[in-house]
1. Which length gain, in nm to one decimal place, applies between Leu4 and Lys72 when the Cα-Cα distance is subtracted from 0.36 nm times their residue separation?
2. Report the FRET efficiency, 1/(1 + (r/R0)^6), for Leu52 and Asp82, where r is their Cβ-Cβ distance and R0 is 30 Å, rounded to 0.05.
3. If I model a spin label as a point 7 Å beyond the Cα along the Cα-Cβ vector, how far apart are those points for Arg40 and Met24 in nm?
4. Show which aspartates and glutamates lie in cross-link reach of Lys32 when reach means a straight Cα distance below 19 angstrom and same-chain residues fewer than eight apart are skipped.
5. Straight-line reach from Lys81: which aspartates and glutamates have a Cα under 16 Å away, not including same-chain ones fewer than 8 places off?
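Each reported figure results from applying straightforward, stated rules to the coordinates on display, with no laboratory input. Given the structure is predicted, the values throughout are model-derived calculations rather than measurements. Using ideal geometry, Cβ is built from the backbone for each residue, glycine included, and neighbour counts are taken over all protein chains shown.
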Amino acid sequence: ISVLFLTLLLLFLALFPGAFNCCMKISDEIPKGILRRVERFEIQKADGLCHLEAVILYIEGRKFCVSPRIRKVKKWMKRNKDKIPRRKPHGRKQRRTKIIKKKHKKQ
């Protein structure tokens, strides 16, 4: 039974790698000066595996989960969207479709 449980757990982790990386609680306030030290950030959507909308700030190897509704955070993200690396958003991945253009032969 334990081998079966371990196998299922490993399968789950392989299929859903972000499942244990979700923010479970978010802060509605952010201390002064913390945004100046952010190394990168992610946006966590409230769909897929993560059930809470959040902005994940990475500072010195630590992760801080804050509300995306904080005015200060919104302004900061808008100003720094090109300066600070941003990872792909958490949540359900959307499938991209590739558009192939057909070449017309000249006759």
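1. On the way: separation 68, 0.36 × 68 = 24.48 nm, distance 4.77 nm.
The span from Leu4 to Lys72 would gain 19.7 nm if fully extended.
2. Values: r = 27 Å, r/R0 = 0.89.
Step by step, r from the Cβ atoms, then E = 0.65.
3. Going by the 7 Å Cα→Cβ label model, 2.5 nm.
4. Glu60
5. Glu39, Glu42
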